[in-house]
Amino acid sequence: MVAIKLNLQRIVSQLAKYYGQPGAPITTDPFELILLESIAYLVSDERREEAFAMLRKYAGTRPHEILAASHDDILKATRLGGMHPEQRVSRLREIALIAMNEFEGDLKPALRLPLPKAKQTLRKFPSIGEPSAEKILLFTRSYPILGLDSNGLRVLVRLGFGEEKKNYSATYRSVQEAINDQLKEDYGWLINAHVLLRQHGKELCKTNRPLCEKCPLRKSCAYFQRTFVSVPRAVATGS
Ligand code: SF4
């Protein structure tokens, strides 16, 4: 197989050229980022943001506003966010309650804790695992770390950063170790890298049948080399 020297910064530049530079995130507030994670399920990013905008409009996005809002006003937003909207009304209320009871309604002091403690603290919220906690710490510009969602993780594993392990957490750690010395200490770059890797995973590097023939990264992709280059050559040589 052809040895490939992976360069994350070049990869992010190639993605930015292909998809265009990402726009500003809809929010950089830690509590709103948690709401954004929980307001929708299995819908597009556009639909998720519409649901979030609806929540802002009809219920508000501060913990005390969510707790004071009527069930129906929150439901207007969660209905836009896909299946089981009633469950997500309860989920958003639960999130608001945790924010009030454990953080006095303000999560910003938690972001200033040492990194492991800050992650652990954010994980008190439902649906917030290590990747989401890292994303929140990145988007709030608290720590310059590249939190990855499942799409971004899949892209990096296929490219050849780290390796697929027995479970998601171990794979996540393997990729984080592999990219660690290639990160820029630049929040703008890291946020764009997160968004672009996610977009690439959703649009071309899909879970099933990635559209490698259209991919701007294929020349430096281990999966592509393995699947479309090395194997056919090996077969041809052996025949
Ligand atoms: S070449 Fe295929 S597997 Fe590799 S990054 Fe592109 S879409 Fe994903």
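The values are calculated or read from the model by the stated rules, or taken from the named source; none is laboratory data. Nothing here was measured: the structure is a model prediction, and the numbers come from that model. Backbone-built Cβ (ideal geometry, glycine too); neighbour counts: all protein chains shown.
Among the numbered conditions (1) farther than 21 Å from LYS17 by Cβ; (2) free of Cβ contacts under 8 Å to residues at least 60 places away in the same chain, the only one that CYS212 does not meet is (1). Tell me which of these ALA133 doesn't satisfy, since it passes every other one: (1) assigned by TED's automatic domain parsing to the domain that holds VAL43; (2) at pLDDT below 95. The number of the failed condition is (2). If the condition is being among the hydroxyl-bearing types (Ser, Thr, Tyr) and surrounded by 15 or more Cβ atoms within 10 Å (Cβ to Cβ), then the range 14-55 contributes TYR18, TYR19, THR27, THR28, SER38, TYR41. Residue-level analysis places GLU163 among those that are closer than 19 Å to GLN182 by Cβ, surrounded by fewer than 18 Cβ atoms within 10 Å (Cβ to Cβ) and either without any contact (Cβ under 8 Å) to a residue 40 or more places away in the chain or touching a strand residue (DSSP E or B) at 6+ places or on another chain (Cβ under 6 Å) (or both). Those helices (runs of 4 or more DSSP H) of the range 113-180 in which 1 or more residues are among the basic types (Lys, Arg) and more than 24 Å from ARG209 (Cβ to Cβ) occupy 115-122, 130-139, 168-179.
Just so you know, in the range 140-165 the residues that are basic (Lys, Arg) and more than 18 Å from LYS206 (Cα to Cα) include one that is nearest to the chain's Cα centre (by Cα), and it is ARG141. Criterion applied to TYR172, TYR168 was being surrounded by fewer than 18 Cβ atoms within 10 Å (Cβ to Cβ), of a type outside the set (D, E, K, R), closer than 24 Å to TYR41 by Cβ and under 21 Å from the mean Cα position of the chain (by Cα), and the one residue passing it is TYR168.
Of the listed requirements (1) touching a residue at least 60 places away in the same chain (Cβ under 8 Å); (2) assigned to a helix (DSSP H, G or I), HIS194 misses just one: (1).
At least 1 residues being at pLDDT 95 or above, within 18 Å of the chain's Cα centre (by Cα) and more than 28 Å from CYS215 (Cβ to Cβ) is the threshold, and among the helices (runs of 4 or more DSSP H) wholly inside the range 1-107 those reaching it are 30-38, 45-58.
Among the residues of the range 113-128, which ones are under 19 Å from ALA96 (Cα atoms) and in contact (Cβ under 8 Å) with a residue 24 or more places away in the chain? Across the range 113-128, the qualifying residues are ALA118, LEU122, LYS124, PHE125, PRO126, SER127, ILE128.
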